[in-house]
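Asker: Structure in structure tokens, see below.
The values are calculated or read from the model by the stated rules, or taken from the named source; none is laboratory data. Computed from a prediction, not measured in an experiment: that's the story for all the values here. Note: ideal-geometry Cβ built from the backbone for every residue, glycine included; neighbour counts use all protein chains shown. To get the accessible areas, we keep the full protein, side chains included, count just its heavy atoms, and leave off ligands, DNA and RNA. Shrake-Rupley method; radii C 1.70, N 1.55, O 1.52, S 1.80 Å.
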Amino acid sequence: MTNKYFLLFLSFILIVPASFASDPLSSDGDDGYKLWLKYEAVANAAVKAEYLRYTSFIGESSKGEVAQSASRELHTGLKSLLGKNVPVLNSFGGKSGGIILKLESGTASSQQEEGYQIKLSGTNVVVSSNSERGILYGTFALLRHMQMQLPVKGLNLTSNPRVRYRMLNHWDNPDGTIERGYAGASLWKWYELPERVDPRYQDYARANASLGINGTVLNNVNASARFMSQEYIVKVAAIANVMRKYGIKTYLSVYFAAPKTLGGLPTSDPLDPKVRAWWAEKVAQIYKEIPDFGGFLVKANSEGEPGPQDYGRSHADGANMLAEAFKPYDGIVVWRAFVYKADPNADRFKAAYEEFVPLDGKFDPKVIVQVKNGPIDFQPREPFSPLFGNMPKTPLGMEFQITQEYLGFATHAVYEAPIFKECLDSDTYVNGAGSTVAKVVDGSLHGYTRTLMAGVANTGNARNWTGHPLAQANWYAFGRLSWDHQLSSEQIAREWTALTLTRNQKAGESIVRLMSRSREIYVDYNTPLGLSRPWMGVHFAPEPWQNKGSRPDWTAVYYHRADSVGLGFDRTESGSNALTQYRPQVQQQWNNPDKTALPYLLWFHHIRWDKKLSTGRTLWDELCTRLYTGADSVTWMQQQWDLAKTHLDPQVYTDVAQRLQVQHREAIWWRDSWVLYLQTFAKQPITAGFEPPKQTLDEVKKSVNVYLIR
Ligand code: BDP
């Protein structure tokens with residue numbers, strides 16, 4: 001066969017049968033809408049027989065609306081798993097072979113509020129808790145157990161949340177757009193509310209409750225004052241009515257200057273009595289419509305947003321004023337620490353610490369300060385924020401980013417649990433070894449009772465919620481870790497894969513392998529060895545050469561500091577000295593370039609191009625090696641995905657396979673951008689064994705510029 005005919009033949013066998021095999025419009029195809037709550041029928045006969053023995057009835061002991069959601073979920077779940085209509089009974093005394101949802105009164109239970117126990121008692125499975133929410137979480141845990149087809153026999157599971165406020169932060173705007181959202185438009189249809197309540201709100205609530213998430217901030221931190229108007233408060237109330245049934249409280253981001261722009265006052269000074277009265281009234285107005293309102297999230301004096309400093313007041317003054325307005329209610333004020341002043345000589349790394357540490361002890365007990373995991377901004381890898389551990393008198397909440405702003409939007413598969421875990425497991429050493437960030441956040445280190453973990457949501461109105469099907473796992477992982485930060489990344493990946501994609505063990509293993517390595521692979525071709533922020537603008541295309549901005553820290557060159565000598569940001573004594581914001585033991589990990597773990601090297605040191613690293617390679621060769629292997633590893637990811645093909649829904653298989661193709665093309669783009677650009681400083685050939693890029697630096701820049709054209 002000539003080449004031409006062989007290719008024709010090949011395309012016939014590859015393309016023709018595939019189009020018969022997978023009809024993307026088939027009605028039974030998996031469009032991802034059901035997330036990890038698919039409740040696919042239990043196929044294994046022995047397992048099914050066992051489950052049937054325990055499902056002759058559902059006994060409910062409470063008529064509260066959250067408990068009702070639990071019995072409804074269980075009923076629907078069992079119907080789907082077992083094909084059986086299990087009756088829900090209020091009086092079930094003496095009956096056996098059922099599932100009892102038992103609300104234990106007050107102190108009779110050893111559970112913490114929201115915690116649950118699932119236990120076999122005689123021939124009944126008993127899900128118990130001292131709160132309705134705990135019953136709901138226990139019910140979802142039982143359904144998860146059954147979806148994974150684990151035995152009921154010997155079941156004895158107790159679980160308590162380690163963090164009290166577990167919430168999503170939506171960066172959704174009133175016009176339906178989402179800041180840094182890559183999965184369509186906002187879920188919240190403000191123009192239809194309050195009359196029309198999209199049924200999707202309920203599915204959103206179910207998904208969150210199934211993970212233990214108990215709060216949602218509906219609007220962007222770059223907030224519109226519109227949300228403080230009566231018109232919008234009633235819209236928010238309509239959503240809150242849905243959330244409440246699933247134990248989720250609704251929160252709003254607030255625009256600090258609202259007293260002025262919406263209220264018509266001459267000032268928004270937090271110490272002005274009229275301003276304080278305005279907020280107190282506002283909060284009262286909200287509670288009238290939403291009796292269980294969660295509270296406010298505030299971005300102030302950050303990236304141009306207004307705040308107390310506009311009036312010479314401190315963050316504490318601003319936060320405490322709002323806290324005062326919440327005094328009569330259960331709500332809280334979540335005040336963000338994401339601040340960095342425009343100072344041409346400063347190191348942005350140090351900014352939040354410098355502004356917030358002096359305020360420790362000055363915040364009202366109703367305030368939680370929400371800190372991003374790293375000192376800069378959700379980079380693919382960052383050291384933990386030095387604020388953790390350094391504000392012992394102020395509850396610090398964790399802010400993770402689930403949406404993939406710096407992780408390739410909706411085309412790169414990056415499983416984020418390892419990012420979250422890396423931060424949570426970092427040791428701050430503030431009270432000696434073992435003082436992990438997790439222990440700061442869960443309150444056990446400093447005795448905070450108000451503890452919080454927030455995730456910037458990656459949801460949108462895409463049918464599958466998250467755009468990239470594998471990005472659902474990031475929502476899932478955030479939720480599971482906010483409940484229990486001790487779960488491992490791999491365990492969560494296994495769970496999610498089994499619930500969402502396939503129960504086939506081998507296929508599941510290759511997907512979990514792919515997920516587990518995906519973050520390191522991304523870092524290798526995107527920001528290896530501790531590089532950061534090679535993009536400005538839209539945070540999509542590689543722009544390491546970007547050197548123009550209205551302030552130095554809004555350029556890429558500010559972060560990597562490439563020059564003829566070497567690369568990286570010196571944050572030791574000879575540089576910005578940011579390292580002194582950490583305890584001595586942490587400083588020791590990072591202050592000596594010969595001892596710094598390679599993933600963090602360029603975060604803290606300016607390294608000579610020809611310096612030999614612990615791998616035996618020079619900095620330049622190590623960079624080349626990582627950038628090339630990273631990009632090549634995307635083909636490994638494609639292989640792992642293909643290994644699972646026959647056990648995946650064809651629609652999901654194709655969707656991910658195509659996104660992986662984009663990822664591969666873009667990984668090469670990233671690699672080429674970095675090596676060609678850095679080569680202009682390092683003046684060295686591409687490391688032997690790797691093929692030099694097929695394009696020139698000018699060509700790469702041109703292809704990037706296309707993405708920056710308006
Ligand atoms: C940055 C985002 C910006 C957010 C900001 C924030 O680029 O859109 O408004 O963080 O967290 O990462 O406030």
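Asker: Identify the single condition in (1) surrounded by 16 or more Cβ atoms within 10 Å (Cβ to Cβ); (2) within 17 Å of Tyr522 (Cα to Cα); (3) aliphatic (A, V, I, L, M) that Val700 does not satisfy, given that it satisfies every other one.
Answerer: That leaves (2) as the condition not met.
Asker: Just give me the residues in region 523-542 being within 14 Å of the ligand (Cβ to nearest atom) and either over 23 Å from the mean Cα position of the chain (by Cα) or β-branched (Val, Ile, Thr) (or both), in sequence order.
Answerer: The one that is within 14 Å of the ligand (Cβ to nearest atom) and either over 23 Å from the mean Cα position of the chain (by Cα) or β-branched (Val, Ile, Thr) (or both): Val538.
Asker: Filter region 215-225 down to the residues that are away from the ligand (no atom under 16 Å from the Cβ) and open to solvent by 10 Å² or more (accessible area, probe 1.4 Å) and list them by number.
Answerer: Selection gives Ala225 alone.
Asker: Let me ask something additional. Just to be sure I understand, how many residues within region 561-602 are outside any helix (DSSP H, G or I), of a type outside the set (Asp, Glu) and over 22 Å from Gly616 (Cβ atoms)?
Answerer: Qualifying residue count, region 561-602: 13.
Asker: Collect the residues in region 146-167 that are free of Cβ contacts under 8 Å to residues at least 60 places away in the same chain and open to solvent by 30 Å² or more (accessible area, probe 1.4 Å), keeping them in residue-number order.
Answerer: Scanning region 146-167 gives Leu150, Gly154, Asn156, Leu157, Thr158, Asn160.
Asker: Enumerate the pairs (first residue in region 496-507 and within 15 Å of Asp642 (Cα to Cα); second residue anywhere and buried (at least 20 other Cβ atoms within 10 Å of the Cβ) and modelled with pLDDT under 95) with beta-carbon separation below 9 Å, excluding pairs fewer than 6 apart on the same chain, so at least 6 apart or on different chains.
Answerer: Hits for this filter: Leu501/Asp30.
Asker: Thr527 versus (1) hydroxyl-bearing (Ser, Thr, Tyr); (2) under 25 Å from Ala141 (Cα atoms); (3) open to solvent by less than 10 Å² (accessible area, probe 1.4 Å): which is the lone unmet condition?
Answerer: For Thr527, the exception is condition (2).
Asker: Inspect region 178-186 for any residue being in contact (Cβ under 8 Å) with a residue 40 or more places away in the chain and open to solvent by less than 10 Å² (accessible area, probe 1.4 Å) and give the result as yes or no.
Answerer: yes
Asker: Please go through region 403-421 and pick out each residue that is part of a helix (DSSP H, G or I) and either within 13 Å of the ligand (Cβ to nearest atom) or touching a strand residue (DSSP E or B) at 6+ places or on another chain (Cβ under 8 Å) (or both).
Answerer: Of everything in region 403-421, those that are part of a helix (DSSP H, G or I) and either within 13 Å of the ligand (Cβ to nearest atom) or touching a strand residue (DSSP E or B) at 6+ places or on another chain (Cβ under 8 Å) (or both) turn out to be Ile419, Phe420.
Asker: Taking the residues in region 249-264 that are assigned to a loop (DSSP other than H, G, I, E, B) and over 17 Å from Val334 (Cβ atoms) as candidates, determine which candidate is least open to solvent (accessible area, probe 1.4 Å).
Answerer: Only one residue fits best here, namely Ala257.
Asker: Another question, then. Could you count how many residues in region 54-91 are assigned to a helix (DSSP H, G or I) and open to solvent by 60 Å² or more (accessible area, probe 1.4 Å)?
Answerer: 4
Asker: Any idea how many residues of region 428-467 are crowded, with 19+ Cβ neighbours inside 10 Å, of a type outside the set (Val, Ile, Thr) and under 30 Å from Asp364 (Cβ atoms)?
Answerer: 12
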